[in-house]
Amino acid sequence: MSDDEPEDIIQTLPLDEWHRTRGARMVPFAGYQMPIQYDGIVAEHLWTREHAGLFDVSHMGQLLISGGAVDIELEKLLPGDIIGLGVDKMRYSLLLDEQGGILDDLMVTRRTGDFYLVVNGATKADDIAHLHEHLPEELTLNHLDDHALLALQGPEAVTALSRLVPDVENLIFMTAGAFEIAGVPAWISRSGYTGEDGFEISIPADAATKVANLLAEQPEVKPIGLGARDSLRLEAGLPLYGHDLDPKSDPAMAGLGFAVPKRRRAEGGFPGAITICRHFAEGPPARRIGLLVAGRLPAREGAQIFDGDTLVGTVTSGGFSPSLQRPIAMGYVSAGRAANGTALQIEVRGKRLDAVVSPMPFVPHRYVRKGA
């Protein structure tokens, strides 16, 4: 997601009034008025890590693509194994330009009869135009702009949701299915972008208030704003489009090798394949890294990264980690400085802060996988 839009085209979400009645502080983000916090970012962050947080992510684009050999056609645009994706299974993937630069990151799910894509809110209009331009006319693309999307995240999310949705606990990470919540049809996946176990719930927009109320009534659940969503995903080492990913980065630079499996690297046939596969084989010129920052001062996006007197990279996301009680950051550095344990410095407010390249995630993921 990217920068705020001009005030005159800011839209509201289906739950706008719901957020305001709960004391949310609303800010413009990705073209919408969205809640940045209710009780405070740190409190909401820690509640989600310990219990269950309810996030409104209805600004995201929900798309259905169907018809013909849709999986074959999607593989011409996405570098993932779409043909091999089972029904009700999900994959993280990427839209790429002809040079291999990242236009957006997204989730793709094969359903019976179609594919369901969730794309970023700030890029959804461009994504839809890109798909219309590059997919054959015989395929049908529907934008579910009459649907809301909620994310329930945290170790107690399954306890809360299973009271309302019997059998939802049988989903495992990156699987999905059709359910009902108090008579409301819902497409539910066991997924999210916090590093915690949890679910994303797609429902008709006109039922969003009903479903949000039912979820918020559960003792494990509190509404959580964008601020904590950002700090949670940063601790989880998850990149944010428009910040850690953009057309200047490719999947190899971004450390997203899992999104380009062995078959696709061997066969190619997706935008930028020659450059991307060369970078995977030989190493990219720069790499996305995690950084543990000394002291208490956070390093923010845009801060320059140095090795001695040499400028070697830039911070793309950064902040104070509520879970670790220290500053952490993500950024890109020249490949020779990307090894874990490399000592670097970040310039913040005219000072050089010591930092060390760290493995990500900073806080371990707690996804529920098969056999768990």
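What follows is calculated from the coordinates using simple rules that are stated; it is not laboratory data. Here the structure is a predicted model, which is why all the values come from computation and not from measurement. All Cβ positions, even for glycine, are placed from backbone atoms using ideal geometry, and neighbour counts span all protein chains on display.
Tell me, GLU98, GLU235, GLU347 in order of fewest to most beta-carbon neighbours within 10 Å?
Least crowded to most crowded, the residues run GLU98, GLU347, GLU235.
By other beta-carbon atoms within 10 Å, ranking GLU301, GLU133, GLU267, GLU44 with the fewest at the front produces GLU133, GLU267, GLU301, GLU44. Relative contact order for the chain: 18 percent, from Cα pairs under 8 Å spaced at least 6 residues apart, divided by residue count. Given H placed 1.01 Å from N in the peptide plane, which residues other than close sequence neighbours of SER321 have an amide H under 5 Å from its amide H? Under 5 Å from the amide H of SER321: ARG326, ILE328. Rank PRO166, PRO14, PRO322 by mean-square fluctuation in a GNM of the chain with C-alpha springs under 10 angstrom and give only the top-ranked residue. Comparing PRO166, PRO14, PRO322 in a Gaussian network model of the chain, the most mobile one is PRO166. With Cα atoms defining each centre, region 18-85 and region 223-271 are spaced 15 Å apart in the structure. Taking 18 Å as the cut-off, the amide N atoms of region 316-354 that come nearer than this to a point 7 Å along the Cα-to-beta-carbon line of THR310 belong to 332-347. About its Cα centre, the chain has a charge dipole of approximately 1520 debye under the convention of +1 per Lys or Arg Cβ and -1 per Asp or Glu Cβ, with nothing else charged.
Name the residue, out of PRO79, PRO261, PRO223, whose mean-square fluctuation peaks in a Gaussian network model built on the chain with Cα pairs under 10 Å. It is PRO261. Would you mind counting up the charge near ASP81? Only other residues with Cβ under 15 Å from its Cβ, with Lys and Arg at +1 and Asp and Glu at -1. Net charge around ASP81: +4.
Going through [x] 38, 22, 19; [y] 36, 23, 18; [z] 31, 27, 19, the figure that equals semi-axes √(5λ) of the Cα gyration tensor in Å as computed for the structure here is [z]. For the chain, the mean residue ellipticity at 222 nm estimated from helices alone is -5500 deg cm²/dmol, where every DSSP H run of n ≥ 4 contributes -39500 (n - 2.57) and the total is divided by all residues, rounded to the nearest 500. Cross-linked pairs LYS89/LYS222; LYS89/LYS370; LYS89/LYS210; LYS76/LYS248; LYS210/LYS370; LYS124/LYS370: Cα-Cα separations exceed 23 Å for LYS89/LYS222; LYS89/LYS210; LYS210/LYS370; LYS124/LYS370. Quick check: from the Cα gyration tensor, does region 220-372 come out rounded (a/c under 1.5), prolate or oblate? Oblate shape, in that a/c is at least 1.5 and b/c is the bigger or equal ratio.
Taking other C-beta atoms within 10 angstrom as a stand-in for reagent exposure, ARG287, ARG22, ARG233 fall in the order ARG22, ARG233, ARG287, fewest first.
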